[in-house]
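What follows is a short report on a single structure.
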Amino acid sequence: MANKYSPDDTAFLVESNRFIREVKILKFGGGLYTVRFADSGGGIKVRENRLFATKEDAEASLKKETKPRANWS
């Protein structure tokens, strides 16, 4: 199976189901991508399902906010 991303590709990572960060793919190995954050220079290893090709795709994956419940007291 071919990897979805190649070294030097840009992708977007969803963190804590709240934040979207731009990352650069460094390498793939052992089922994990090593990525470097564009804004801070730090890096982590993540599975492919946490990476998105566009910012719009990443935004679409975020959970939608629910309406507050009615106060019945």
* Asked: So, with +1 on the Cβ of K and R and -1 on the Cβ of D and E, and no other charges, what is the size of the charge dipole of the chain about its Cα centre, to the nearest 20 debye?
  -> 340 debye
* Structure fact -> Calc'd 3J(HN,Hα), segment 7-17, phi into Karplus 6.51 cos²θ - 1.76 cosθ + 1.60 (θ = phi - 60°), Hz, glycine/Pro = x, comes to x, 6, 6, 9, 9, 10, 10, 9, 10, 6, 6
* **Spatially close lysines, pair count over the chain: Cα under 19 Å, gap of eight or more or interchain** => 9
* Asked: Calculated from the structure, Kirkwood radius over Cα pairs in Å equals which of (1) 13.5; (2) 17.0; (3) 11.9?
  -> (1)
* **Relative contact order of the chain, pairs being alpha-carbon contacts under 8 Å that are 6 or more residues apart, as %** => 26 percent
* Might you work out the accessible area of Ile20 for me, using a 1.4 Å probe with all protein chains in place, and round it to the nearest 10 Å²? => 50 Å²
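The values are calculated or read from the model by the stated rules, or taken from the named source; none is laboratory data. This structure is a prediction, so every number in the text was calculated from the model and none was measured. Please note: Cβ atoms are built from the backbone with ideal geometry, for glycine as well, and neighbour counts cover all protein chains shown. The area values use the complete protein model at the heavy-atom level, side chains included, leaving out ligands, DNA and RNA. Shrake-Rupley method; radii C 1.70, N 1.55, O 1.52, S 1.80 Å.
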